[in-house]
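Structure first, commentary second.
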Amino acid sequence: MFNIAVLVSGGGTNLQSIIDSVNIGYLSNCSIKAVISDRDNVYALERCRKHNINTYIIDRSLYKDKVSDKILELLEGKIDLIVCAGWLSILEGKLISKFKNKIINIHPSLIPSFCGEGMYGIKVHQKAIEYGVKLSGCTVHFIDEGTDTGPIIVQKTVPVYADDTAENLQKRVLDEEHRALPEAIKLISQEKVKVKGRKVIIED
Ligand code: GRF
């Protein structure tokens, strides 16, 4: 069994796409062993309760710069892949080195555009529209020591229309996120993903 932990901070629609992908058999060899939230009272936790998934709250206001150490303590030796799905806290320290190329993140733009420090949520889509891009999309990448800088695994594109608002672009991108993240998890669980420097090679 390929054991997954999912890190959340909000509504959990990406978490739901993973839950659904396991339940319909698309991620047949995967099991969500734990969901960790950096705050209480988020709907992602409610989704877990509906599916009897173990949850842990590592409150960022209490743990501050010890959030990553606490995650490592909880997951080391038990988890094959950590998935950041709408996770808003920084991951750092031993967690990154002990789980090298075993932590992935979904970002709502085509990295390296509209990413990095402070670029999350609706802000990403506002910047894309302001810039006048014709394509946007989402990126699943490995987490490294930087912010949104790790090797890219999967990207999916969406058109950007002249009359788009940030909200309807966000919805269009989110629909693709719900396909990209399970796809990346599936490839990794099947050992089809090889990292060579900055490049990720997907084997057939
Ligand atoms: C999504 O746009 C995701 O790309 C970003 O957080 C947003 C909310 O995700 N990382 P979710 O609905 O909480 O999964």
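List of remarks:
- Residue range of the chain that is longest and free of GluC sites (Glu not before Pro) which are both DSSP loop and sparsely packed (at most 15 other C-beta within 10 Å): 1-75
- Of all accessible heavy-atom area on the chain, the percent that carbon and sulfur account for (1.4 Å): 50 percent
- For the pair the stretch 149-204 and the stretch 77-134, the centres of their Cα atoms are 11 angstrom apart.
- Inter-label distance, nm, simple model (7 Å from Cα along the C-beta direction), T165/D80: 4.3 nm
- The H on the amide N of G137, modeled in the peptide plane, is under 5 Å from the matching H of L110, V158, each at least 5 residues off or on a different chain.
- When you restrict to C-alpha pairs under 8 Å that are six or more residues apart and normalise by the size of the stretch 106-204, the relative contact order lands at 27 percent.
- Size descriptor for the stretch 127-204, Kirkwood hydrodynamic radius: 13.8 Å (Cα pairs only, one decimal).
- Anchor K192: aspartates and glutamates whose Cα lies under 14 Å away (excluding residues fewer than 8 positions away in-chain): E183, E203, D204
- Estimated distance in nm for a label pair at E203 and N41, the labels positioned 7 Å out from Cα along Cα-to-Cβ: 4.9 nm
- Sum of side-chain charges, H51 neighbourhood, beta-carbon under 14 Å (Lys, Arg +1; Asp, Glu -1): +2
- Those trypsin sites (Lys or Arg not before Pro) in the stretch 124-204 that DSSP places in a loop and that have at most 10 other beta carbons within 10 Å: K134, R198
- Per residue solvent-accessible surface (Å²) - the stretch 97-188, probe of 1.4 Å: 48 Å²
- The helix-based estimate of mean residue ellipticity at 222 nm for the chain, built from -39,500 (n - 2.57) per DSSP H run of four or more residues and divided by its residue count, is -10500 deg cm²/dmol to the nearest 500.
- Global form of the stretch 1-99, assessed from the alpha-carbon gyration tensor, a/c cut-off 1.5: oblate
The values are calculated or read from the model by the stated rules, or taken from the named source; none is laboratory data. Quantities reported herein were computed from a predicted structural model and do not represent experimental measurements. Neighbour counts run over all protein chains shown; Cβ positions are idealised from the backbone, glycine included. Each accessible area value is taken on the protein alone, full model and side chains, heavy atoms only, with ligands, DNA and RNA left out. Shrake-Rupley method; radii C 1.70, N 1.55, O 1.52, S 1.80 Å.
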